[in-house]
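Participant: Below is a structure I'd like to ask you about.
Please treat every number below as a calculation from the coordinates, not as lab data. Remember, predicted model here, so these are calculated numbers, not experimental data. Neighbour counts are summed over all protein chains in view; Cβ atoms, including those assigned to glycine, are modelled from backbone coordinates with ideal geometry.
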Amino acid sequence: MFSEINVTVEDGNLGRNTGTATHAQAKIGVSNVESATPVLITSAMKPEEIKRKLGNTPLADACMDAVENGLKTIYAIPVSADVPGETGDIIHTGTGMGTFAVQGEPYNAYDIVVRITETGNTNEGSFQYSMDGGNSFSEEYTIPLDGTYEVPGTGLALKFTDAAGDGKSFMEGDAYAFHSTAPTMNNAGVLKAVEKLKGFGKTVEVCHIVGISAKSLWAALQSEAEEFLEVYKKPLIFLCEARPCADGETLEEYKEAMEKERKGINSYFISVALSYAAYFRRDQRTQNINLAGVISGLIGRAKESLSIGCVEEFPVSPAKIIKLLPEGIEDYSREFDEMGYTVFRQYNGKEEFFVSNGNVFAPAGSDFKYVESVRVLNRIIREIGMKATDKIQAEIDPENLEGSIKAMEAHLSIAVEDCERDKVISSGSVAVDMENLDILADETINLEVSWVPMGTARRFNIKFAVNNPVSSGSTA
């Protein structure tokens, strides 16, 4: 018989009366960088270093958002684009008669503005460029003699072509603006990258799939999550990004579409971030983004049992989240939250933004409706699994069966005691099924691990009343 640790999760138990945490995460996303192994990103790295490792790409952006919000360790898995990014139409404002064009395929979504800072032809005039729609600009550069300037780390080149005439092809104050879309990966590319984690030697809690995904991928990841748990004994939460509200789509239509997208996915290992915002990134760019990177950072900062919706602990400054998008989405936050999506919100009297609930796509009636519940479950599974592995093929004395089993229970209980000590659970226990124990016949030990979770104050019911005491000087 092949030695094995088998894992079963009993859900719905809260309806009855009855070591050291790991905060590393993985991110899978499009990058022009090739790497056969996951790339280590840490919170000590500056944006420039992250971009050197991962390119100026969606994967690098997601890592920057996460470390800025509290995540310490990321194993980034670059994936080649299946659909290249595109550049949109160029909008020219001003009087210059020269020609401006863009060449190449973008590595990311950019809102590029090129402004002329000194009048002249190529090799005479000067320009600056912005990657975030004009919120911040580069240093000044002379327009190259050959008219071609490669924007570092973007995959794009700016092409200036002189007009015939008197040296005023490009006029000071003129501007050229265009938008690019990010390259994307298909589901097969994502799942191929997920395979790399199965044999990866490090423990990760969350795998963030960077970029918009939909029901088809969520369903595939649901199956992958089951395999990670049952076959590889590596319980893992997949954090995905829902699509934004489309141009011309009303918020009511968007709500109905996302409700349909949610149906049929029933796994507490799948979490989907729905909120979009104008966000001021760590590298000084302001962009409209899905906030999954921020969410993964908050998860990395929180102990396993603490909700990332805790108002005291996890406010996100309005200097970072400038506004939620699109306008009016806040009116639908409660409904999206009740569907199981993870969204941001504001509270009356507070300027900061907060996660409403760290939701997962759990089935109805589950004990594991929130990320924090699943993180506790996964920690206990991992640590009990490691303790049980220590005891594979350990000798059991049939003539001192109770003593052998008590010693084993004490060893396994260390994992639960560590969780109690760290206040991740209130209490817990490990018990061997002695009634059905027949170690000589089947060489199998059946265990039950149970625990009482920490509580969470999600709502307050407050009664207000005016007290009108009778004056001590009054008479009947």
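Participant: Based on the Kirkwood radius over alpha-carbon pairs, what value in µm²/s does the Stokes-Einstein equation return for the translational diffusion coefficient of the range 18-132 at 37 °C and 0.692 mPa s?
Facilitator: On the way: Rh = 16.9 Å.
Stokes-Einstein gives a translational diffusion coefficient of 194 µm²/s.
Participant: Under the 0.36 nm per residue contour assumption, what length would be gained going from the current alpha-carbon distance of R459 and V231 to full extension?
Facilitator: 78.2 nm
Participant: Whole-Hz ³J(HN,Hα) for each residue in the range 225-230, computed from phi via Karplus 6.51 cos²θ - 1.76 cosθ + 1.60 with θ = phi - 60°, x for glycine and proline: what do you get?
Facilitator: 4, 5, 5, 4, 6, 7
Participant: Let me ask another. Over the Cα atoms of the range 175-253, each weighted equally, I'd like the Debye log10 I(q)/I(0) at q = 0.13, 0.19, 0.21 Å⁻¹, rounded to two decimals.
Facilitator: -0.52, -0.87, -1.00
Participant: Still on this structure, I have one more. Roughly how many whole Å is it from the C-alpha centroid of the range 375-436 to that of the range 97-138?
Facilitator: That distance is 63 Å.
Participant: Oh, and also: Could you work out how far apart the two model spin labels at S450 and A164 are, taking each label as a point 7 Å from the Cα in the direction of the beta carbon, and quote it in nm?
Facilitator: 9.1
Participant: So, one more: List, in the order given, every pair from K53/K192; K72/K303; K387/K423; K196/K369; K72/K233; K303/K387 whose Cα-Cα distance in the structure shown is over 18 Å. Could the numbers behind the result be given before it?
Facilitator: Numbers: K53/K192 21 Å; K72/K303 13 Å; K387/K423 20 Å; K196/K369 28 Å; K72/K233 24 Å; K303/K387 21 Å.
The pairs that break the limit, which is 18 Å between Cα atoms, are K53/K192; K387/K423; K196/K369; K72/K233; K303/K387.
Participant: Applying 1/(1 + (r/R0)^6) with R0 = 45 Å to the Cβ-Cβ distance of S80 and A410, what FRET efficiency is obtained, to the nearest 0.05?
Facilitator: On the way: r = 50 Å, r/R0 = 1.12.
Using R0 = 45 Å, I get an efficiency of 0.35.
Participant: Sequence-distant or interchain residues sharing an amide H contact under 5 Å with K323, placed H: which?
Facilitator: Here the answer is A278, since their amide H atoms fall under 5 Å of that of K323.
Participant: Search the structure for amide H atoms under 5 Å from the amide H of V39, placed 1.01 Å from N in the peptide plane, and list their residues when 5 or more places away or on another chain.
Facilitator: Here A76, I77 satisfy the definition.
Participant: Measure off 7 Å from each Cα along the Cα-to-Cβ vector at N187 and D442, then give the distance between these two points in nanometres to one decimal.
Facilitator: Going from the N187 label point to the D442 one covers 3.8 nm.
Participant: Hey, rough spin-label estimate for E48 and V466, points 7 angstrom out along Cα→Cβ, what's it come to in nanometres?
Facilitator: Going from the E48 label point to the V466 one covers 6.5 nm.
Participant: For semi-axes √(5λ) of the Cα gyration tensor in Å, one of [x] 51, 31, 18; [y] 38, 26, 21; [z] 39, 29, 18 was computed from the structure I shared and the rest are decoys. Which label?
Facilitator: Here semi-axes √(5λ) of the Cα gyration tensor in Å agrees with entry [x].
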